[in-house]
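A short worksheet on the structure shown next.
The values are calculated or read from the model by the stated rules, or taken from the named source; none is laboratory data. Quick caveat, the model's predicted, so the values are computed rather than measured. Heads up, the Cβs are rebuilt from the backbone with ideal geometry, glycines too, and the neighbour counts pull from every protein chain shown. Note: accessible area is taken over every heavy atom of the protein model, side chains too, but ligands, DNA and RNA are not part of it. Shrake-Rupley method; radii C 1.70, N 1.55, O 1.52, S 1.80 Å.
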Amino acid sequence: MTKRKKLYDILAKKGLLNEAKNAISTAQQKITGELIGKTLLDLGFVSAVEVAEALAEQADLPFVDLNNYKINVEAIKRVPIDLADKNGFIPLDIQDSRLTIGVINPYNISAMDSVTKLIGHSPKICVVDSASYYDVLDKVYSFLETPLPKQVEDIIAKLSQSKLLETDSISLLTELLIKDGIRNGTTDIHITPFEQAIHIFYRIDGVLVHGYCVPKIAQSGIISRIKVMSSIDIAENRLPQDGYFKFSFLKKNYDMRVSTTPTIYGEKVVIRVLSGSVGMLLNIAQLGFDEHDIKKLQLLFNKPNGIILITGPTGSGKTTTLYSALREVNLLEKNVITVEDPVEYRLSLVTQTQINLKAGYDFALAGKYFMRQDPDVILLGEIRDENTATIAVRASITGHLVLSTLHTNDAISSVPRLLDLNIDKFLLATSLIGVIAQRLVRKLCTFCKEKQVLTDEQRQYFVSLKYSEEKINEINEKIFTANGCSQCNKTGYHGRTVIGEILIIDDEMKELISEGASIMNMKTTAKKQGLKTIRDNALDKVLMGITDIREMIRVVG
């Protein structure tokens, strides 16, 4: 009998675990009594997918990525959701009366026994990751049982026919609207009032998608319900307000950040959905950067001091990249302190704090007092003003690595932006060591993507960018698009990936900054040194079939 591999050995071989991390996880496991995989996940040493892949290797079973697997509806029909949920498995496929199931724990005997008893044959076992298990379980069963959208539409129909509001119906509708947003992977829920109705929009993969139209009669009830949940003053409707509440759905907890603002048709509410799940954290290699850029970033984030900036517009994945960067830092040997607005993920072995503007606790104040906490690495959620920028520079030149974000369109533009905040040119040249500018593009659905040829408008787009006819013809041979299917909610896209440019501030670039060189001069120098622009990176992903030209034009322009 072959001896089972130790989970530690598998993860260590992948470079995800070492003796020091193992010692800490073992110590915590003795206190909590949790399985070692769960402990590693809680400590943030590995992601849910990495644990699942290691468990699959340990048990000599295949790993299935639920986000890119087409589940057989016939398999779902054969197993009640209560049975699957209770015994911790998800039906994946059925062939010749034999069921294939996905499990979080490869040694889940109850799952095997319950399926054997139900079907009459022992199942084939695959390992899936815990982070996506519950979301996908609900999603696939929603096609067969009473789905959330059907429940929402039933209440809307009832409200349309009646002029009397029932408090219970409004509370249930509000909860269902939030649940349906979470189920569809939304990052923001927009409750927007108009003259005759309120419209619900969900931001999914960076794009607003219309969800529901709700009768105007329900407007005050829904908004009041959200205000009560968020501890916001329900009597105040003349001024913008902020609040938050916690929401549980499918055995996961979510932080809901609420913002209200008065409009001509009443208050609009936007709810930011934050999962705070450590298991969903990615490493640098999983964000979408190519192999050459990954090596650049790994070297950059292991520097002992200096400022590293992530730039881009709101919703471009800057915070996710910052958190992923922390996985490159040796958290056992370095004291890492963060100040955020808000804290989006809770990380073990990292001191995290959240700004409170009402109490006067902002990025600048936190950064100032952090220096007394013996930090090695300081993460400032955003450089917004002169005081924060000054604190970042002072921290970096006194031997600390500072990570932060900035709102600029490209990497080079971060230099004049910081100079506008009255940072001395020499100090900026001394402290800044790297800038990553990025965007997020939607990935083509792998189930319905197909080859395409350039349209006349797309061909003209590349002509306007001064691409040669030869290059345009090469592009025409390699591109894909997707028309939409049930797996991607008819959008043609599923998930997002990063496109970006990485500017390393070497000695030549430092000299240009200290001399106050023009942006054009710095861009020319950076390109000579091998800088690949965001547009170049986007085109690479188009040619690899990861995204399409429509998405490239939408995001990059």
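What the table shows:
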item: Considering residues of the stretch 331-378 that are β-branched (Val, Ile, Thr) and assigned to a loop (DSSP other than H, G, I, E, B) only, the residue surrounded by the most Cβ atoms within 10 Å (Cβ to Cβ); result: ILE355
item: Residue within the stretch 317-330 that is of a type in the set (Lys, Arg), over 16 Å from the mean Cα position of the chain (by Cα), under 26 Å from VAL377 (Cβ atoms) and open to solvent by 50 Å² or more (accessible area, probe 1.4 Å) present; result: no
item: Tally of residues being modelled with pLDDT under 90 and either open to solvent by 20 Å² or more (accessible area, probe 1.4 Å) or not in a helix (DSSP H, G or I) (or both) across the stretch 31-64; result: 13
item: THR547 being among the β-branched types (Val, Ile, Thr) and under 24 Å from the mean Cα position of the chain (by Cα); result: yes
item: Selected residue (criterion: nearest to SER130 (Cα to Cα)) from residues of the stretch 15-44 that are without any contact (Cβ under 8 Å) to a residue 12 or more places away in the chain and of a type in the set (Asp, Glu); result: GLU34
item: Only listed residue being at pLDDT below 95, under 21 Å from the mean Cα position of the chain (by Cα) and open to solvent by 60 Å² or more (accessible area, probe 1.4 Å), chosen from SER231, SER248; result: SER248
item: Pairs where the first residue, in the stretch 516-535, is over 17 Å from VAL435 (Cα atoms) and the second is open to solvent by 70 Å² or more (accessible area, probe 1.4 Å) and at pLDDT 90 or above, C-beta under 8 Å, 6+ apart; result: GLY516/LYS425
item: PHE447 being surrounded by 13 or more Cβ atoms within 10 Å (Cβ to Cβ), of a type in the set (Phe, Trp, Tyr), out of contact with any Phe, Trp or Tyr (no Cβ under 9 Å at 6 or more places or on another chain) and modelled with pLDDT of 90 or more; result: no
item: Strands (runs of 3 or more DSSP E) lying entirely in the stretch 110-214 (those with 1 or more residues that are without any contact (Cβ under 8 Å) to a residue 60 or more places away in the chain and open to solvent by 10 Å² or more (accessible area, probe 1.4 Å)); result: 124-127, 197-204
item: Residue within the stretch 265-288 that is more than 26 Å from VAL555 (Cα to Cα) and among the hydroxyl-bearing types (Ser, Thr, Tyr) present; result: yes
item: Residues of the stretch 502-529 satisfying the condition of being of a type in the set (Gly, Ala, Ser) and open to solvent by less than 50 Å² (accessible area, probe 1.4 Å); result: SER514, GLY516, ALA517, ALA526
